[in-house]
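**Q** First, the structure itself, so that you have it in front of you.
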Amino acid sequence: MRLILKNCNYLGKEQRDIYIADGKFSEKYPDDQADRIIDVKGALVTPGLIDMHVHLREPGLEYKEDIASGTRAAARGGFTGVCCMPNTDPVVDNPAIVASIIKRAEEVGNCRVYPIGAASKGLKGEELSEIGLMKEAGIVAVSDDGKPISTAGFMRKVLEYCSDFDVPVLNHCEDKSLSGGAMNEGPVSTSIGIRGIPSASEDVMIARDIIIAEYLGLPVHLCHVSTKSGMRMIRDAKARGVKVTCETCPHYFTLTDDYCVDYSANYKMHPPLGTREDVEAVIEAIIDGTVDTIVTDHAPHHQDEKEIEFSLALNGIVGLESSFALCYTYLVKTGKITLDRLMDLMCHNPSDILKLGRGGMEIGDDADLAVFDIENEFTFDKNKMLTKGRNTPYDGWKLYGETLYTVMGGNITYEKLC
Amino acid sequence: MGLKNKDLLGMKQLTAEEIMEILDTAKMMKMVIESGNKKTTHLQGKSIVTLFYENSTRTRLSFELASKYMGSASANISTSGSSVNKGESLLDTARTIDMMGTDIIIMRHNQSGAPHFIAPYLNASVVNAGDGMNEHPTQALLDMLTMYERFDSFEGKKIAICGDIYHSRVVRSNAIGLSKLGAKVSVYGPRTMMPIGIEEMGVTVADSVIDCCRDADAVMGLRVQLERQKSSLFPSVSEYAKFYAITKEALAAAKPDAFLMHPGPCNHGVELPTEVYDCDQSVINQQVTNGVAVRMAVLYLLMARRNEL
């Protein structure tokens, strides 16, 4: 496919036309040689976004999401690459399942899918999974996400063994002996009678992982960091040279635990929504470089698992289709960070952490890009989402940055109709 | 006047005026109970269902008697365990009851927020008879009626509450309701059972049982679930009784005319020594009568609101 995008606001820097041929960015060619010419009328064009923390739910949990629906949602969010977490059924802990996910994602073709393998067999935190063989099959990292890598001793073994294969280790930080509630512990949980999860539950494991990584001199990546003191510890660790990287999610800088007062499980996730202080600390950490990447932790669930009693509902919200608009509206439009910094957070840094080699827009690079309308406000509508999940807290929010087109490998993977 | 909302979900949703109206109505209902002929026609031709997902003796019975004294048709459903594990969802069950022409559903559930979750889906009014650790508004109302019979105004009164604060929906409802009427609530219990941020509900956390009870106008004990010992919230019953029970000495620190309350059922010799339970200052048995009166008042006022619409 030969595609020309006319009148692009290229990275907010200059007006230009973009030429794509044979799946790559190409030199200029005459209009009559194009299969399609799109006038984007000054809309923002960025490299295709990468989300390194997504739950696609296939195999086994297709009633929540599958690779086809999840990657359609990714494309609608402007993503051209997503990493899928291994807590499927069966768990992604062997090369055969890795291969099947990659094959299925290629058949569907909406988005590049980079599987993450389980660190431990069955996510049990007891025995190492076949990390070397899974690396050969195509994993880009390991994680026991959904659960923490259980003990400090096992974490050490995972970090050491993964270093032989140059496989990044991503950890969900939660000390289970401290958690066990359904929302952040504090005045709100006390007032509405929901068992609380202390922020110390996340912080204790962040501290543990920093200590082990520092001791071994090996890298570790901390998932969905949400707390003020967690960010402080990561900032301090980076300053003294510990190879720690981390991610946060849009809900940790746009929502607080106050939203839980009406018992809607669309505000229930792990780690739980924090206080205003936590939100401010997350934004500060995004600004000062403590946070390396913004991910969604896209966690589709069935209505029957979310529209029930709060404490019984499952954790997590969908995020792929709201992420860029939330980041743009709350971080860039407010002047907190530049668009370049947002591109590091949503594309270049995850590509670097996982060594994906993505995000280039030079001639000859794979043509992965996204086109966003940053001029006009739009209303986020849960019923227009392409994910199977309807568990979003952002229904009805007024945002900037609606996706107009997504192009992956030169093919249009999403196009806003009308 | 009357009640603003279709449902009674908690003290959080009531204004000070609504609380006083319930209490004043309950005083009249108490006269009905104390008269020889316990029969009114306020709920004649109406249907009331109690739906209890947790065990209850006094709350359930007092709601049942309240609705019978006022002439309604009533039915009861008991179930246990979480709705998810029972096959039918809570919402499906509630909708089923609703569609049978029920006017008021009185629900107790082990999950905080369960009545708040179902209420918007139903035509029936929902009365929260206790939801998880959140609220138990009719218990707070009967406690407040018991106080209101003994002092004219709540303004500036000190109410001491001792025991397992963390898990107690009775504390939450009382703290919210009493604060709205200008009373001061002081709480005390083991730190392991003291929820973080309770001060933001307008209560004061005391340093000891005696400190909590000092100069109080009313003292309330709370039931401690003995199985909490297994989750390391306290080491033994005897240690709990020694350091956290409302003793004679603690009660003596309260005002001379202070009275002692307990929502029941009481673990004698744990949160209250038996001689304290039975002492002259104890109004625990009168609370039970007030429970029926308050529930009559709540049902009456909710039904009056329905009849107006």
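**Q** Cα centroid distance between segment B:268-296 and segment A:391-415, in Å?
**A** If we compute the Cα centre of each part, the gap is 62 Å.
**Q** While we're looking at this one, here's another question. Can you give the angle from 0 to 90° between the axis of helix B:137-148 and the longest principal axis of chain B, with both taken from C-alpha atoms, to the nearest 10?
**A** Approximately 60 degrees, to the nearest ten.
**Q** Within the set of other residues whose C-beta is less than 12 Å from the C-beta of residue A:39, count the net charge using Lys and Arg as +1 and Asp and Glu as -1.
**A** Its environment carries a net charge of +1.
**Q** Let me ask you something else. Return the loop-located chymotrypsin sites (Phe, Trp or Tyr not before Pro) in segment A:1-102 (DSSP other than H, G, I, E, B) with at most 13 other Cβ atoms within 10 Å of their own Cβ; answer none if there are none.
**A** Listed in order of number, the matching sites are A:63.
**Q** State, to one decimal in nm², a quarter of the convex hull surface area for the C-alpha atoms of segment B:164-229, i.e. the direction-averaged projected area.
**A** Convex hull of Cα atoms, orientation-averaged projection: 4.4 nm².
**Q** Another one. Hey, got the dipole for segment B:151-282? About the Cα centre, +1 on K and R Cβ, -1 on D and E Cβ, debye to the nearest 20?
**A** Around 380 debye, computed over segment B:151-282.
**Q** As a test of reading the structure, rank A:310, A:378 by solvent-accessible area (1.4 Å probe, protein chains only), most first.
**A** A:378, A:310
**Q** Tell me which lysines have Cα within less than 30 Å of residue A:135's Cα, excluding those fewer than 8 residues away on the same chain?
**A** Reachable lysines: A:24, A:64, A:103, A:121, A:124, A:147, A:157, A:176, A:238, A:243, A:355, A:388.
**Q** Which whole number gives the average count of other chain Cβ atoms within 10 Å of the Cβ atoms across peptide B:162-168?
**A** Going residue by residue through B:162-168 and averaging, the value is 1.
**Q** Something else: Angle between the Cα long axis of helix A:152-165 and the longest principal axis of chain A, 0 to 90 degrees, nearest 10?
**A** 30 degrees
**Q** What's the buried accessible area, both sides, between B and A using a 1.4 Å probe, rounded to 100 Å²?
**A** 1600 Å²
**Q** Something else about it: Which lysines does residue A:41 reach when only Cα atoms under 19 Å apart count, and residues fewer than 8 places away in its own chain are ignored?
**A** A:6, A:13, A:28, A:416
**Q** What aspartates and glutamates could a cross-link reach from residue B:30, if we take a straight Cα to Cα line under 19 Å and drop same-chain neighbours fewer than 8 places away?
**A** Filter leaves B:18, B:21, B:64, B:143, B:149, B:152.
**Q** Rounding to the nearest 10 and keeping the result within 0 to 90°, find how far the Cα-based axis of helix A:276-288 lies from the longest principal axis of chain A.
**A** 50 degrees
**Q** To the nearest 20 Debye, how big is the dipole of the protein assembly as shown about its Cα centre, given +1 on the beta carbon of each Lys and Arg and -1 on that of each Asp and Glu?
**A** 1620 debye
**Q** Quick check on segment A:150-298: what does the Kirkwood estimate of hydrodynamic radius come out to from the alpha carbon pairs, in Å?
**A** 15.6 Å
**Q** Then there is this: Which residues in segment B:21-65 place their backbone N less than 16 Å from a point set 7 Å from the Cα of residue B:75 along the Cα-to-Cβ direction?
**A** Residues passing the 16 Å test: B:45-52.
**Q** Here's a follow-up. Stretched out fully, how many nm does the piece from residue A:32 to residue A:16 gain, at 0.36 nm a residue minus the Cα gap?
**A** 3.9 nm
**Q** While we're on this one: Quick check: net charge around residue A:186, other residues with Cβ under 13 Å of its Cβ, Lys/Arg +1 and Asp/Glu -1?
**A** -4
**Q** Something else: Evaluate E = 1/(1 + (r/R0)^6) for residue A:303 and residue B:39, where r is the Cβ-Cβ distance and R0 equals 45 Å; express this FRET efficiency to the nearest 0.05.
**A** The computed FRET efficiency comes out at 0.45.
**Q** Lys/Arg Cβ at +1, Asp/Glu Cβ at -1, dipole of chain B taken about the Cα centre: which of B:161, B:196, B:77 is farthest positive-ward?
**A** B:77
**Q** Along its three principal axes, how long is the protein assembly as shown when you only count alpha carbons? Whole Å, largest extent first please.
**A** 99, 59, 45
**Q** Among the GluC sites (Glu not before Pro) in segment A:355-418, which ones are in a DSSP loop with at most 14 other Cβ atoms within 10 Å of the Cβ? Mind listing them?
**A** Those that pass, being in a loop and sparsely packed, are A:362.
**Q** Still on this model: What number does segment B:151-282 give for Rg over Rh if you use C-alpha atoms and the Kirkwood radius?
**A** Value, to two decimals: 0.94.
**Q** May I pose another question? With springs connecting C-alpha atoms under 10 Å apart, model chain A as a Gaussian network and identify which of A:384, A:268, A:157 has the largest mean-square fluctuation.
**A** Answer for the Gaussian network model of chain A: A:384.
**Q** Towards the positive end of the charge dipole of chain B, with charges on Cβ (+1 Lys, Arg; -1 Asp, Glu), say which of B:240, B:206, B:139 has the farthest Cα.
**A** About the Cα centre, the residue reaching furthest to the positive side is B:139.
**Q** Loop only by DSSP, 16 or fewer other Cβ within 10 Å of the Cβ. Give me the trypsin sites (Lys or Arg not before Pro) in segment A:194-251 that pass, ordered by residue number.
**A** A:240, A:243
**Q** Could I ask something else about it? Mind jotting down the three principal axis lengths of segment A:1-96 based on Cα atoms? Whole angstrom, largest first.
**A** 50, 26, 22
**Q** While we're here: Placing unit charges on C-beta atoms (Lys and Arg positive, Asp and Glu negative, everything else neutral), compute the dipole magnitude of segment A:230-352 about its Cα centre in debye, rounded to 20.
**A** Result for segment A:230-352 is approximately 500 debye, rounded to the nearest 20.
**Q** In Å, what Rg and Dmax follow from the Cα atoms of segment B:13-168?
**A** 16.7, 50
**Q** Still on this structure, I have one more. For segment B:152-170 and segment A:339-362, what is the separation of their Cα centres, given in Å?
**A** One Cα centre to the other: 56 Å.
**Q** Oh, and also: Rounded to two decimal places and with Rh computed the Kirkwood way over Cα pairs, what is Rg over Rh for chain B?
**A** 0.96
**Q** Among B:88-94, A:50-56, how do they line up from the highest to the lowest mean number of other beta-carbon atoms within 10 Å?
**A** A:50-56, B:88-94
**Q** I'd like the FRET efficiency for residue B:289 and residue A:240, computed as 1/(1 + (r/R0)^6) with the beta carbon distance as r and R0 of 51 Å, rounded to 0.05.
**A** 0.15
**Q** Along the charge dipole of chain A, pointing to its positive end and built from +1/-1 on Cβ of Lys, Arg, Asp and Glu, which listed residue (A:168, A:30, A:239) has its Cα farthest out?
**A** The listed residue farthest towards the positive side: A:239.
**Q** Okay, next question. May I ask you to give the solvent-accessible area per residue for segment A:121-200, in square angstrom, as obtained with a 1.4 angstrom probe?
**A** Counting only protein heavy atoms, the per-residue value for segment A:121-200 is 38 Å².
**Q** While we're here: Local charge sum around residue B:272 (other residues, Cβ-Cβ under 14 Å, Lys/Arg +1, Asp/Glu -1)?
**A** Around residue B:272, the charge tally is -2.
**Q** Just the number, please: Stokes-Einstein D of chain A in µm²/s, Kirkwood Rh from C-alpha pairs, 37 °C, 0.692 mPa s.
**A** The diffusion coefficient I find is 153 µm²/s.
The values are calculated or read from the model by the stated rules, or taken from the named source; none is laboratory data. What you see is a predicted model, and the numbers here were worked out from it, not measured in a lab. Positions of Cβ are generated from backbone atoms using ideal geometry, with glycine treated the same way; all protein chains shown enter the neighbour counts. Calculation scope for accessible area: heavy atoms of the full protein, side chains included, ligands and nucleic acids excluded. Shrake-Rupley method; radii C 1.70, N 1.55, O 1.52, S 1.80 Å.
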